[in-house]
Amino acid sequence: RKRTVLVLHTRAKDKKMQGTMAESEAHSHSEEFKWLRALKCSLSYIDDSDDSVLEIPEDDRIVIDEIVSKTTIRDAQRLRLILVDVFASLEALAHTRCSESDEDSEEEKKDNSEPPMASSDSIATASLLLKIKDIVHGRVDLSRLFVAMVGIDFLLGCAREQAAVPRPIRSACLSILNTLCEGVEAWNLSIQYKILNEEEGRLKELSAIFFAEEKSGEDYDGVIRGLIIRVASACIFGHCVAETKFVKSPNGRGIIESGLGVGKEGSPESTTPASLRKSSLLFLKNLILSKSSSDSRVETLRDCYVHVMRFALVPQTEPDNCIRQMAIEMLLMMMRHKVGMHLILEEGKQVMAMGEKRVGEIISLDGEARDTMNYELRLWQRLIGEILSAS
């Protein structure tokens, strides 16, 4: 009954949508935009439209009915209205994309394969999606309703459409997914398990999106790849088996190595965005903090840790102050927890030489410049002391 009340509150808004939904229905069935169909079916179900009920899994229908009956009409209505607007925008994209595909010749299709530029409409749609992120943050009921209506596959499907969906919309979808995955509550864990489920292959899909972005060069600021790393980190952290499998898989290691800039040592600043390096280093640091951390895991990621020791500790190779401090903090943790300590001692002479030189540089600074670097100075002094004690 409450679902029907919700419909009455939003019926006027829906009438504007009916023409667009009917006009583009054939396009939503296309292989490229099939993930959009789930959203249309869910909106129709809440609207008491019986023709879509069978296309929604029974478990999701139960969740939708349960949450709508318990949640305040205002909250559920707000979420639904935003989704209606998001659907209209994405359906228009699908319609345009499919029309161009039908009309273009093969050569024109190749020319049009470049990712679309962000427009004012796409930025507005991304803003709507970020409103959804704010709505579901910290609200288990609305998070459950959103996932039951839209699903993880919608978010991944939208993020995957590099050639059809503008970057702001795709990054907003990944940002929502990251919000849903973060945390250790039972609800967050259920989302994590859905992504970790090997049969569904969603973690592999995230990896595929990451490497596609790297190959295209369109993710110039590293935002999309950084979000993928954060989602992966949130999903596997604390799950011993998942951590081990991810670290041992070529795709898992490849994501971390690429994010850090391993193999691009000539000029990491120009080839790997700082935000991406920071997300990757935080991931690597979390793997040390994990209860299942071990020397063997560090050895599996040897190239990553060696890269950090050689290229992320001093301004000449890592100009970002925050990243340098994070790198030194990680090495201190490794020494104190005696995890991967052998790797640090192998690089000990080089690390000590860089540290002593850097300490001298900071001590020589005056005034505000010195104050800014005081924390890095203390970190270096502690790390040097730990290495000397262990040698």
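The values are calculated or read from the model by the stated rules, or taken from the named source; none is laboratory data. If you're wondering where the values come from, they're calculated on a predicted model, not measured in any experiment. A quick note on method: Cβ atoms are made from the backbone with ideal geometry, for glycine too, and the neighbour counts reach across all protein chains shown. Note: areas computed on protein heavy atoms with side chains; ligands, DNA, RNA excluded. Shrake-Rupley method; radii C 1.70, N 1.55, O 1.52, S 1.80 Å.
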Revision key, fill the gap. SER190 meets each of (1) small (Gly, Ala, Ser); (2) modelled with pLDDT of 85 or more; (3) not in a loop (DSSP other than H, G, I, E, B) with one exception, condition (2)
Exercise for review: Restrict the check to the range 317-340 and report whether at least one residue is of a type in the set (Val, Ile, Thr), within 21 Å of GLY261 (Cβ to Cβ) and modelled with pLDDT under 95.
Suggested key: yes
Practice item. Just give me the residues in the range 50-79 being β-branched (Val, Ile, Thr) and either crowded, with 17+ Cβ neighbours inside 10 Å or at pLDDT below 70 (or both), in sequence order. Key: VAL53, ILE56, VAL63, ILE64, ILE67, VAL68, THR71, THR72, ILE73
Study note, to complete from the structure: By residue number, the members of the range 364-391 that are open to solvent by 90 Å² or more (accessible area, probe 1.4 Å) and assigned to a helix (DSSP H, G or I) are GLU368, ASP371, ARG378, GLN381, ARG382, LEU388, SER389
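Any residue in the range 245-252 that is aliphatic (A, V, I, L, M) and closer than 20 Å to ILE195 by Cα?
The answer is yes, given that some residue of the range 245-252 is aliphatic (A, V, I, L, M) and closer than 20 Å to ILE195 by Cα.
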Point to revise | Selection count where residues are modelled with pLDDT under 85 and either more than 11 Å from LEU39 (Cα to Cα) or open to solvent by 10 Å² or more (accessible area, probe 1.4 Å) (or both), scope the range 80-94 | key: 2
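Yes or no, residue by residue, for (1) in a helix (DSSP H, G or I); (2) touching a residue at least 12 places away in the same chain (Cβ under 8 Å); (3) of a type outside the set (S, T, N, Q):
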{"position": "ILE209", "(1), (2), (3)": "yes, yes, yes"}
{"position": "GLU214", "(1), (2), (3)": "yes, yes, yes"}
{"position": "TYR220", "(1), (2), (3)": "no, yes, yes"}
{"position": "ILE224", "(1), (2), (3)": "yes, yes, yes"}
{"position": "VAL231", "(1), (2), (3)": "yes, yes, yes"}
{"position": "ALA234", "(1), (2), (3)": "yes, yes, yes"}
{"position": "THR244", "(1), (2), (3)": "yes, yes, no"}
{"position": "GLY263", "(1), (2), (3)": "no, no, yes"}
**Study point:** Where LYS248 falls short, out of the listed (1) farther than 15 Å from GLU299 by Cα; (2) open to solvent by 20 Å² or more (accessible area, probe 1.4 Å)
**Key:** (1)
**Study point:** So GLY261, is it of a type in the set (Gly, Ala, Ser), modelled with pLDDT under 95 and open to solvent by less than 10 Å² (accessible area, probe 1.4 Å)
**Key:** yes
Review point. If you check GLY226 against the conditions, is it on the phi > 0 side of the Ramachandran plot, at pLDDT 90 or above and within 13 Å of the chain's Cα centre (by Cα)?
Key: no
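Being modelled with pLDDT under 95 and not small (Gly, Ala, Ser) is the requirement here; does ARG358 meet it?
no
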Check your understanding: Any idea which residue in the range 112-157 is nearest to GLU218 (Cα to Cα), counting only those that are modelled with pLDDT of 85 or more and among the β-branched types (Val, Ile, Thr)?
Key -> ILE123
Point to revise | Any hit, the range 158-172, residues being open to solvent by 10 Å² or more (accessible area, probe 1.4 Å), over 19 Å from LYS204 (Cα atoms) and assigned to a helix (DSSP H, G or I) | key: yes
Review point. What residue, of GLY340, GLY355, GLY360, is within 19 Å of CYS304 (Cα to Cα) and either small (Gly, Ala, Ser) or touching a residue at least 12 places away in the same chain (Cβ under 8 Å) (or both)?
Key: GLY340
